[in-house]
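Please treat every number below as a calculation from the coordinates, not as lab data. Note that the coordinates shown come from a computational prediction; the quantities given were computed from them, not determined experimentally. So basically every Cβ, Gly included, is an ideal-geometry build from the backbone, and we count neighbours across all protein chains shown.
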Amino acid sequence: MNSNGREQWGSKVGFLLAAAGSAVGLGNLWKFPYMAGKNGGGVFVVVYLGILITLGFTLMAGELTLGRFTQLNAIGAYRKISKKLTWVGAIGVFTAFLILSFYSVIGGWVINYIIKTCTGALSTSDSAALGDMFGQMISDPVMPIIFHGVFMIATLVIVLGGIGEGIEKASKVMMPALLVMIIALAIRSVTLPGAEAGLEFFLKPDFSKLNGALILDALGQVFFSLSLGMGIIITYGSYLPKEENIPQSAVYIPLIDTAVALLAGFAILPAVFALGFEPTAGPGLMFITLPAVFAKMPFGTFFGLLFFVLVLLAALTSSISLLEVCVSYVVDEWGWDRKKTTLTLGFVIFAVGVPASLSLGPWADIKIFGKGFFDLYDYVTQNIFLPLGGLMSCITIGWVWGVDNAIKEATNNGKVKFALGKVWAFLIKYIAPLAIGKVFYDSFIVTLF
Ligand code: PHE
């Protein structure tokens with residue numbers, strides 16, 4: 001607790017792991033490799049890293065600073081800077097709500113795959129059979145919804161029980177374990193015969209594949225993966241003590257997150273090529289290729305089980321942060337009690353996720369703006385709301401609150417070193433809003449009209 005009675009992180013490591021736990025999730029392990037696969041491989045990686053270096057660190061530092069200064073939830077934080085900005089926080093909460101609804105569907109797939117690994121159903125390297133199995137799983141009208149419910153209940157239980165002890169402790173074991181596993185898998189994948197083509201695809205950028213949609217995909221992916229643009233990092237920053245070194249944390253969190261994403265790329269893409277799959281398979285990539293890699297490994301069932309359990313835990317440390325943002329808003333602003341809020345929101349988010357699951361099977365023909373529900377939720381959040389939230393956070397910090405105030409807070413009145421403070425100020429005030437605004441305009445607004 002600080003002098004205002006607001007809860008604070010137990011330790012520096014605890015905070016870093018919680019923030020990294022929110023950042024590292026399905027976005028890294030499941031989404032990054034297939035986004036890279038869909039967008040030409042190396043060129044996507046280069047654009048991703050470029051955006052990470054210029055904008056990822058910048059916004060991470062900005063959101064942490066805004067959170068610690070205001071000591072408030074996402075909506076409260078924006079409102080404290082200016083009443084006119086309350087809607088930015090509101091969009092953030094809504095985005096978290098919508099992301100969680102389909103994130104939980106994928107979490108359900110992971111639970112299903114844990115069971116399938118145990119029963120031996122996945123012990124084959126026959127790519128066609130694995131592809132069929134994945135297709136059948138996601139298009140089933142009932143099972144994925146049941147597992148979506150199970151994932152949501154797991155998220156609820158953790159959020160209900162409070163995050164403190166349990167999560168901080170679990171993360172300390174889980175995150176390093178995940179890292180070791182993913183390194184082992186990457187080594188296995190890279191050393192498969194025929195992996196070179198995949199390595200080349202992942203590492204050698206083919207700039208002829210560069211286009212506006214790719215850049216928007218990469219921008220949205222940076223925000224999604226770092227949990228930026230929707231107030232989660234603001235909320236986590238609000239529990240930071242004043243002595244905490246924000247510039248340093250703003251480097252560590254994106255570094256850990258990116259390392260895991262790149263490792264997931266190494267674990268999956270070379271194997272995709274070696275085993276004769278298409279890198280453009282989309283959301284099924286992790287679920288179809290990795291089981292084939294495990295089937296070719298000694299003790300594959302054991303490693304497969306371990307891997308999917310870790311994916312599940314990584315997904316849970318992200319999903320609780322998504323639910324927490326919604327819960328803290330309703331508790332703070334509507335005055336509901338925590339238990340009622342958590343249960344109600346959990347149920348509503350589950351219900352909103354059901355059409356996402358059905359859209360991959362029985363509701364495949366229902367299209368809104370040319371997209372099924374699953375793709376629509378994904379596109380709207382990642383390619384519209386997150387960039388918009390990011391843009392508004394730069395404007396809020398750079399122009400309304402002001403970079404001088406922000407630097408004063410980030411450095412705790414000059415007590416903490418912020419070597420690149422001037423560069424950061426320039427980036428958040430001019431470069432970030434212009435870049436986000438331009439990409440957003442070119443690839444979204446223009447295609448709309
Ligand atoms: N960053 C998480 C991931 O990569 C997902 C997430 C997005 C979590 C937004 C919280 C907020 O899986």
Q.
Could you tell me the calculated FRET efficiency between Tyr430 and Lys84, based on Cβ-Cβ distance and R0 = 30 angstrom, to the nearest 0.05?
A. 0.90
Q: Run down the lysines and flag those whose C-alpha is under 16 Å from the C-alpha of Lys172, throwing out any fewer than 8 positions away in its chain.
A: Lys12
Q. For the stretch 308-449, with only Lys/Arg (+1) and Asp/Glu (-1) charged at the beta-carbon, what is the dipole magnitude about the Cα centre, in debye rounded to 20?
A. 420
Q | Longest to shortest principal axis, alpha-carbon extents of the stretch 382-431, angstrom | A | 38, 18, 17
Q: Please report Rg over Rh for the chain, where both radii come from the alpha carbon positions and Rh follows the Kirkwood definition.
A: 0.95
**Q.** Highest average packing first - 213-222, 28-37, Cβ atoms within 10 Å
**A.** 28-37, 213-222
Q.
Tell me the volume per residue, in Å³, of the convex hull enclosing the alpha carbons of the stretch 318-420.
A. 174
Q | Between helix 164-190 and the chain: long-axis angle, C-alpha atoms, 0 to 90°, nearest 10 | A | 40
Q. Once fully extended, how much extra length lies between Ala213 and Glu333, figured as 0.36 nm per residue of separation less the alpha-carbon to alpha-carbon distance?
A. 39.5 nm
Q. Under 15 Å from the Cα of Lys417, which aspartates and glutamates turn up, not counting those fewer than eight places away in the same chain?
A. Glu243, Glu244, Asp404, Glu409
Q. Projected onto the charge dipole of the stretch 12-448 (+1 at Lys/Arg Cβ, -1 at Asp/Glu Cβ, origin at the Cα centre), which of Phe266, Gly135, Ala61 gives the Cα projection farthest towards the positive end?
A. Ala61
Q. Once both labels are modelled 7 Å past Cα along the beta-carbon direction, what's the Val251-Asp365 spacing in nm?
A. 5.8
Q. In deg cm²/dmol, rounded to 500, what helix-only [θ] at 222 nm does the chain give when every DSSP H run of at least 4 residues adds -39500 (n - 2.57) and the total is split over its residues?
A. -22500 deg cm²/dmol
Q) Mind checking which lysines have their C-alpha under 30 Å from Lys367, skipping anything on the same chain fewer than 8 residues away? A) Lys31, Lys38, Lys209, Lys438
Q: From the C-alpha gyration tensor of the stretch 23-181, pull out the three semi-axes of the equivalent ellipsoid (sqrt of 5λ each), sorted largest to smallest, in whole Å.
A: 34, 22, 17
Q: Sticking with the crude label model, points 7 Å out along Cα→Cβ, report the distance from Val13 to Lys242 in nm, one decimal please.
A: 2.7
Q. Just how large is the dipole of the chain about the Cα centre, in debye to the nearest 20, putting +1 at every Lys and Arg Cβ and -1 at every Asp and Glu Cβ?
A. 1000
Q) Does anyone have the angle between helix 12-23 and the longest principal axis of the chain? Alpha-carbon axes, 0 to 90°, nearest 10? A) 60
Q) Any idea what angle helix 86-119 forms with the longest principal axis of the chain, computed on alpha-carbon atoms, 0 to 90 degrees, nearest 10? A) 30
